[in-house]
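The values are calculated or read from the model by the stated rules, or taken from the named source; none is laboratory data. What you see is a predicted model, and the numbers here were worked out from it, not measured in a lab. A quick note on method: Cβ atoms are made from the backbone with ideal geometry, for glycine too, and the neighbour counts reach across all protein chains shown. These area figures cover heavy atoms from the full protein model, side chains too; ligands, DNA and RNA do not enter into them. Shrake-Rupley method; radii C 1.70, N 1.55, O 1.52, S 1.80 Å.
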Amino acid sequence: MADDVNAQKIHPRDFSWSFWFTLPLYPYGRRQTIRKEVVKDTIWTFDQLQGIFYVVVPIRMTVVKLDEGGLLVYAPIAPTPECIRLVKELVTHHGDVKYIILPTISGLEHKVFVGPFARCFANAQIFVAPQQWSFPVNLPLSWLGLPSKRTSFLPEDSSTAPFATDFDYAILGPIHLGPGKFAEVAFFHKRSHTLLVTDSVVSVPEDPPAIVQLDPYPLLFHAKDKATDIVADNQLNRRKGWQRISLFALYFQPSVLEVPAWSEVFRNAFKAPERSKKAYFGLFPFQWKQNWKQSFDALRGNGRLFVAPILQTLILNRAPQETIEWADKIASWNFQQIIPCHFDAPIKGQPYQFRQAFSFLEKQCSSYLLPEEDFILLKTIDAGLNKSGIVPPAKDRV
């Protein structure tokens, strides 16, 4: 199950994503893709990169071969020439892209690619999670780039979907969050015993994923302890940078991270060995405590499944009963591995492990909870949003 090796020489234009300005996330208009065969001749993952301020994590699309021939695409990524070429190589051997799935209603980093991707496969049917919305104006799906004649909402009853022979699915939500809503659709591929999810659960690897290592600059940037550091490019520093990136991405500001005074940040910037635009002109507004690695180890938990802290604190606690019922339904499926759209994949995981990840919503919690001190910023944000009336209050555990 090694990464596919492309013998031909790739031109930089193959990485081009012309519509990056619609959601201006790093690496903007230049996105490389890594395809990996997860189940022989059946399931492939396609990884790209996204982030802010070099806090870069994988964003993943999964392609599954249907029993009757053809392909289903779950959560499209940027349709760069390289990405589309890699998909079309599968089309040559396994049949056309028949179905394209948008499994979320709020994840802009997934929604923005669906229309452009669908235009590359003119015969594919597009199915989207029900009750889509957009902000600040709720626009029709066709105005968001989805082909109107080929786009439908996923039926509430998964047995009525045209791909029901291959898949079951369960819809969480919509969970109402004041100005917006959250929903996610988990797909279960029966033959391979594989669960596909979007954002609901993740597992964090100790070492940076392959897609993050194609350009190690972000890893080395976050491996610095201070602005004046010159960090050698080696696996130890890449790992250090990745682990700090993971803490950033999942907590925003864990307890082991301090932000120095801006006067000190600017003063140190003038001493930095690199003050280019790429290096943010020497600005490095981070100061990690000596015990930061303990926070990462607690987060990773030896590769266990968990719900991202942002979802725990700001979203799923608005609908604990509905979320638990959704997790119970998924736990009734006989899956053996899980492919999320972010961080590690595939993850070896049993239904009971998936269900345990949601026990933070229960009074009698049956799994390890993440350190309370690392939730301080997220809980402060939550309290502020609730006090201002922007989002409804969290509900009691069930």
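Set the bar at 24 Å for Cα to Cα. Now go through Lys111/Lys240; Lys40/Lys98; Lys111/Lys348; Lys181/Lys379 and name every pair that lies beyond it. Among Lys111/Lys240; Lys40/Lys98; Lys111/Lys348; Lys181/Lys379, the Cα-Cα distance tops 24 Å for Lys111/Lys240; Lys111/Lys348.
With the convex hull drawn over the C-alpha atoms of segment 260-324, the volume per residue is 166 Å³.
With semi-axes defined as the square roots of five times the eigenvalues of the C-alpha gyration tensor, the equivalent ellipsoid of segment 175-228 measures 33, 21, 9 Å, largest first. Dipole magnitude for the chain: about 860 debye, using +1 per Lys or Arg Cβ and -1 per Asp or Glu Cβ, origin at the Cα centre. Each Cα pair under 8 Å and six or more residues apart adds its sequence gap; the mean of these over the residue count of segment 44-135 is a relative contact order of 24 percent. Over the Cα atoms of the chain, each weighted equally, I'd like the Debye log10 I(q)/I(0) at q = 0.09 Å⁻¹, rounded to two decimals. Each listed q maps to, in turn, -0.55. Taking every protein chain into account, the accessible area of the chain amounts to 45 square angstrom per residue (probe 1.4 Å). When N counts the residues of segment 201-247, how does its alpha-carbon radius of gyration compare numerically with 2.2 N^0.38 Å, as a ratio? Against the empirical 2.2 N^0.38 Å value, I get 1.11 for segment 201-247.
Just so you know, the averaged projected area of the alpha carbon convex hull for segment 114-204 sits at 7.6 nm².
With all projection directions averaged, the alpha carbon convex hull of segment 304-398 covers 6.5 nm².
May I ask you to list the lysines whose Cα is less than 16 Å away from that of Lys278, ignoring any residue fewer than eight positions away on the same chain? Partners found: Lys224. Summary of packing: across the peptides 302-312, 194-204, 281-291, 266-276, the per-residue average of other C-beta atoms within 10 Å ranks them, highest first, as 194-204, 302-312, 281-291, 266-276.
A 1.4 Å probe over all protein chains sorts Ser16, Ser388 by accessible area into Ser388, Ser16, starting with the largest.
Measuring how big segment 161-299 is from its alpha-carbon positions, Rg and Dmax come out at 20.2, 63 Å.
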